[in-house]
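Report on the structure given below.
The values are calculated or read from the model by the stated rules, or taken from the named source; none is laboratory data. From a predicted model like this one, the values you see are computed outputs, not experimental measurements. Positions of Cβ are generated from backbone atoms using ideal geometry, with glycine treated the same way; all protein chains shown enter the neighbour counts.
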Amino acid sequence: MTSIGRIFSVRNLVIGSALLFLVAFVLFPLALLVLRSFLGADGEISLENYIAVYGMERNWDAVVMTLWVCSLTMLFSMIFATGLAWLVVRSNLPFRRQFRSLFFIPYVIPPYVGAIAWILLLTPGVGYVNKMLVELFGAEMPGPFDIYSVPGLVWVMTLFYYPLAFLNVASALEQMDNTLEEAARISGASPLRVFWDITLPLVSPSFFAGGLLVFAASASAFGVPAMIGMPSRIYVLSTQVIQYVYMGTTSGMREATALSVVLMVIAVLTMALGNRLLSRKRYTLVGGKSSRVLPVPLGRFRIPALVFSALLGFVLVVLPIGAIVVTSFVRIFGEPTTLENLSLEHYGYILTFKTALEAFWNSLFMGITAATLALLVASLIAYYRVKAKSPLGRAADLIATVPYATPGTVIALALIIAFSGKYGLNLYNTFSILIVAYIVKYLAFSVRTVCASLEQIDLSLEEAAQISGASWLQSFRDIILPLVRPGLIAAWFLVFMTTFYELTMSILLYGPQTHNLGVILYEMQTYSNQQAASVLAVLILVVVLGGNVLVSKITRGKITI
Amino acid sequence: MADVRLENVSKKFGNVEAVAAFSETIREGEFVSLLGPSGCGKTTTLRIIAGFERATTGRVFIGQELVSCAETNLYKPPEQRNIGMVFQSYAVWPHMNVFANVGYPLKVRGMEKKKIREKVGHVLELVHLEGLDKRLPSQLSGGQQQRVALARALVAEPALLLLDEPLSNLDAKLRESMRFEIKDVQRRLGITVVYVTHDQAEAMVMSDRIIVMDKGYVQQTGSPREIYETPANRFVADFIGLINFLEGELVALEGPDGVVALNGIPGPVHLRGPLHSVMKTGDRVVLAARPESIAVLSEPAPGAIPGRLIRKIYLGNEMDYRVALGSLEVRVTGPAASDGIAEGSPVWLSFNRIVVMPF
């Protein structure tokens with residue numbers, strides 16, 4: 001075969017088209033966004049936009065508020081996550097396996113659903129907790145808590161983003177060779193000293209990486225700051241960007257662009273730093289585990305720790321989900337929760353409300369389409385990356401991680417700028433622009449999942465099939481496919497679920513015909529139709545929690561969102 | 001230095017008895033191996049001595065001191081037992097350099113810096129790691145990490161040194177040389193050592209005494225020679241080295257000596273006593289004979305059992321013979337020089353040493 005023939009082989013054409021897709025829908029729009037932010041009014045390169053945008057106090061305030069809120073969220077999450085991780089992994093807390101799963105549940109709940117729940121609980125005057133404190137303990141109206149505040153915002157962000165840190169620290173503790181701790185004990189160190197001298201330094205990379213991931217995630221968040229911050233004029237970068245886009249003016253777009261680039265830099269930098277910390281493997285040595293991990297006895301703190309964990313589980317999971325479920329059945333929000341005040345009328349309202357039904361079908365349709373296409377593209381990339389070890393596969397994998405780190409708000413804005421017809425393709429207000437956004441944003445999820453399941457298939461398994469007389473196709477069908485199937489199904493569900501309830505990008509990209517559940521729910525929430533919003537939130541929770549149970553069954557607990 | 005005494009120690013994990021009624025005394029300065037297949041209870045026993053497991057019953061003494069008593073709920077945590085321990089994975093702390101690793105036991109004992117420096121220097125010399133004290137563990141080979149672990153276990157001059165399969169992660173050559181090195185260090189310091197291994201050759205080379213365990217029970221205790229030459233039962237015989245088992249029945253006792261009819265083999269075998277004290281006529285017995293304690297003869301001889309040479313394999317330093325005795329196959333090893341007998345020829349086996357065991 002000639003060299004030209006080799007370059008244009010079917011194999012390269014296939015991966016080439018996947019690469020082309022990524023270049024067109026990831027690199028081009030993001031590059032355009034950055035470039036546009038540096039273009040002056042007459043199309044020359046200048047810092048004009050930045051000077052104009054950051055000359056305004058409200059924009060500075062948004063930057064400072066973002067850094068402030070995210071730093072607090074990061075700090076609280078790290079402390080909270082480390083304590084809990086140690087408790088469920090290394091101590092002799094009763095039911096610690098169950099608590100480990102319980103503490104992780106907030107991770108699979110959409111954060112804006114969490115925001116709605118805590119608004120229901122902590123709104124001054126009518127929030128369930130405030131009302132209870134007023135009625136039972138004689139607190140002064142409107143009750144001690146105000147969710148619409150910076151502490152309220154940090155509280156909800158911490159509760160729903162801390163699992164990122166928890167996951168990191170817990171798995172670092174689990175993977176740590178515990179004879180390292182035993183060696184310190186036998187050297188004469190007390191359990192507390194072992195924790196300081198050995199355990200903490202060894203998990204520190206995961207500790208800091210987890211914190212940085214929390215920071216990046218909360219900087220990218222839109223739903224929580226929009227629902228909790230905006231009503232009391234607390235703006236962060238993501239909500240500020242949306243404000244500008246909604247103005248619909250040229251100057252609004254320019255300001256949104258300049259703010260987005262800063263938001264993107266903050267999120268991508270922190271996430272890159274976090275991943276770098278995690279990938280540094282200087283602490284890996286000869287593997288080995290003690291025959292049996294001896295949990296650290298809590299002694300007289302065992303029962304208090306159990307009570308604390310149970311209370312925490314209640315606050316983390318039962319209280320917010322309970323508030324939403326109860327509200328969805330309440331006739332009038334704010335009235336006492338008595339039998340007369342319970343009804344199914346809001347379910348009836350949603351089920352007959354045309355816009356909500358359309359939103360449901362749109363969510364379903366876009367979720368299925370995006371998940372299927374993402375899986376297809378991801379499988380191609382993963383195959384070329386892991387099996388064929390092609391440099392094109394590696395390049396595609398690398399590009400796919402860019403939108404993963406980029407805040408959804410920024411991606412959506414970039415897609416609007418690039419595909420509103422100015423550059424030959426007009427996708428504005430179509431399903432396509434939403435589906436492209438979903439695929440691009442969540443592709444890295446699928447690639448990672450499929451890569452992981454392909455990597456565990458040793459080449460010798462295929463070779464053994466071939467030496468047994470199977471053709472390449474037969475060995476693919478009989479050996480590879482059955483082994484990667486759980487991974488593929490998991491990858492599909494992960495994208496489907498996140499797409500199903502997506503809000504951040506949808507809020508910028510939806511059109512008259514293409515609103516989804518997240519958007520409708522957001523609108524109901526902002527127009528203070530709490531019960532209808534709760535009905536939708538219940539629906540989303542059922543799909544998401546059910547989907548996660550399914551995925552963890554299929555993959556035997558190895559993968560959740 | 002101290003002796004170690006375990007009295008009726010047992011450990012249950014749920015319903016599984018990991019260690020049962022373990023009673024032994026390890027004398028001061030003695031090198032004792034706990035030997036057995038995985039799951040035999042040897043590591044659990046070691047971890048009970050260290051204090052990482054609490055025994056279900058029994059008492060543990062280190063020196064004169066009672067460190068654990070299940071019955072009175074007395075338990076001293078590991079950090080108060082003054083023990084050195086080397087782990088299978090070495091457990092060298094990856095975030096500390098060699099000096100910090102080895103000096104740690106002294107640091108937690110609150111020793112002054114100058115004294116620590118001096119002591120660490122000495123012990124690094126002892127394990128041949130001079131000049132590597134600034135290295136991080138990731139910059140060391142497996143063998144060097146192992147020496148760091150050994151140095152750390154010795155630096156505080158513990159009364160007792162515990163080693164949990166310390167050589168199993170090393171390659172064969174290094175393993176061999178480390179055996180002698182550990183033994184050498186133990187001799188020079190005169191320290192009491194309890195050594196856990198599943199490798200019988202390792203146990204034979206290093207130990208003063210071997211405790212063979214299986215399914216939680218001690219099967220035999222003795223010097224390497226006793227364990228090898230007079231195994232107490234079939235398990236010990238089979239676990240240590242190669243051995244042939246011949247089953248049969250004691251047909252007659254002639255004073256202390258006996259006559260055994262073997263299953264599947266024509267002709268009686270005469271055994272020298274004392275058998276009369278432990279057996280009576282009609283008992284079923286197992287005869288165990290090591291391949292090297294049998295001679296292959298090309299001529300009949302008194303007491304030799306006739307058979308046929310099935311296969312002979314040249315192994316360089318010796319010959320490996322398979323001989324058919326009736327329906328049985330017996331393995332024999334002999335000097336490589338006497339290669340004269342052809343496969344298929346009739347031969348006679350003369351048993352130089354036979355161990356008689358109850359069936």
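Things to note:
- A:L351 satisfies every condition listed in (1) modelled with pLDDT under 90; (2) over 26 Å from A:L263 (Cβ atoms); (3) under 19 Å from the mean Cα position of the chain (by Cα) except (3).
- Looking across A:F145, A:F195, one residue alone is closer than 30 Å to B:A50 by Cβ and not hydroxyl-bearing (S, T, Y). It is A:F195.
- Checking each residue of segment B:159-170 against the condition of being under 23 Å from A:G188 (Cα atoms), more than 13 Å from chain A (Cβ to nearest Cβ) and among the acidic types (D, E) gives no match.
- Selection of segment B:323-341 for residues being surrounded by 17 or more Cβ atoms within 10 Å (Cβ to Cβ) and part of a strand (DSSP E or B) yields B:V323, B:L325, B:V330, B:V332, B:T333, B:G334.
- Hits in segment B:123-156 - residues which are within 12 Å of chain A (Cβ to nearest Cβ) and surrounded by fewer than 16 Cβ atoms within 10 Å (Cβ to Cβ): B:S138, B:Q139, B:S141, B:G142
- Odd one out for A:A189 among (1) free of Cβ contacts under 8 Å to residues at least 60 places away in the same chain; (2) in a helix (DSSP H, G or I): (2)
- Boolean, B:I265 is outside any strand (DSSP E or B), within 24 Å of B:A20 (Cβ to Cβ) and of a type in the set (V, I, T): no
- Number of positions in segment A:308-325 that are more than 26 Å from the chain's Cα centre (by Cα) and touching a residue at least 24 places away in the same chain (Cβ under 8 Å): 0
- Count of segment B:232-246 residues which are within 13 Å of the chain's Cα centre (by Cα) and not in a helix (DSSP H, G or I): 2
- Verdict on A:P201 being crowded, with 17+ Cβ neighbours inside 10 Å and either assigned to a helix (DSSP H, G or I) or under 25 Å from the mean Cα position of the chain (by Cα) (or both): no
- Some residue of segment A:97-106 being loosely packed, with under 15 Cβ neighbours inside 10 Å and over 30 Å from A:S552 (Cα atoms): no
- Taking first residues from segment A:267-280 that are assigned to a helix (DSSP H, G or I) and partners that are not aliphatic (A, V, I, L, M), the Cβ contacts under 6 Å between residues at least 6 apart in sequence or on separate chains come to A:A267/A:S220; A:A267/A:P407; A:T270/A:F215; A:L277/A:P205; A:L277/A:F208.
- Counting only strands (runs of 3 or more DSSP E) that sit wholly inside segment B:42-115, not one has at least 3 residues that are small (G, A, S) and facing chain A (nearest Cβ under 7 Å).
- From the list B:A50, B:A91, B:A70, the one residue that fits, being among the hydrophobic types (A, V, I, L, M, F, W, C), closer than 17 Å to B:L162 by Cβ, buried (at least 18 other Cβ atoms within 10 Å of the Cβ) and at pLDDT 90 or above, is B:A50.
- Candidate set: segment A:165-200, residues that are closer than 20 Å to A:M74 by Cβ and out of contact with any Gly (no Cβ under 6 Å at 6 or more places or on another chain); chosen: the one nearest to the other protein chains (Cβ to nearest Cβ): A:L200
- A:P124 meets the conditions (1) assigned to a loop (DSSP other than H, G, I, E, B); (2) within 30 Å of A:L398 (Cβ to Cβ) in every case but one. The failed one is (2).
- Residues (part of a loop (DSSP other than H, G, I, E, B) and within 29 Å of the chain's Cα centre (by Cα)) located in segment B:342-359: B:N352, B:R353, B:I354, B:F359
- For segment B:23-41, the tally of residues that are hydroxyl-bearing (S, T, Y), surrounded by fewer than 24 Cβ atoms within 10 Å (Cβ to Cβ) and more than 11 Å from chain A (Cβ to nearest Cβ) stands at 2.
- The sole residue among A:A310, A:A370, A:A359 that is within 28 Å of A:S101 (Cα to Cα) and of a type in the set (G, A, S) is A:A310.
- Complete set of residues in segment A:494-531 that are charged (D, E, K, R) and either touching a Phe, Trp or Tyr at 6+ places or on another chain (Cβ under 6 Å) or outside any helix (DSSP H, G or I) (or both): A:E502
- Any chance A:T284 is of a type in the set (S, T, N, Q), assigned to a loop (DSSP other than H, G, I, E, B), more than 30 Å from B:Q146 (Cβ to Cβ) and at pLDDT below 85: no
- Considering A:I119, A:I109, A:I147, the condition of being assigned to a loop (DSSP other than H, G, I, E, B), hydrophobic (A, V, I, L, M, F, W, C), under 21 Å from the mean Cα position of the chain (by Cα) and crowded, with 19+ Cβ neighbours inside 10 Å is satisfied by A:I109 alone.
- Among the residues here, B:N82 does not qualify as in contact with a Lys or Arg (Cβ under 7 Å, 6 or more places away or on another chain) and buried (at least 17 other Cβ atoms within 10 Å of the Cβ).
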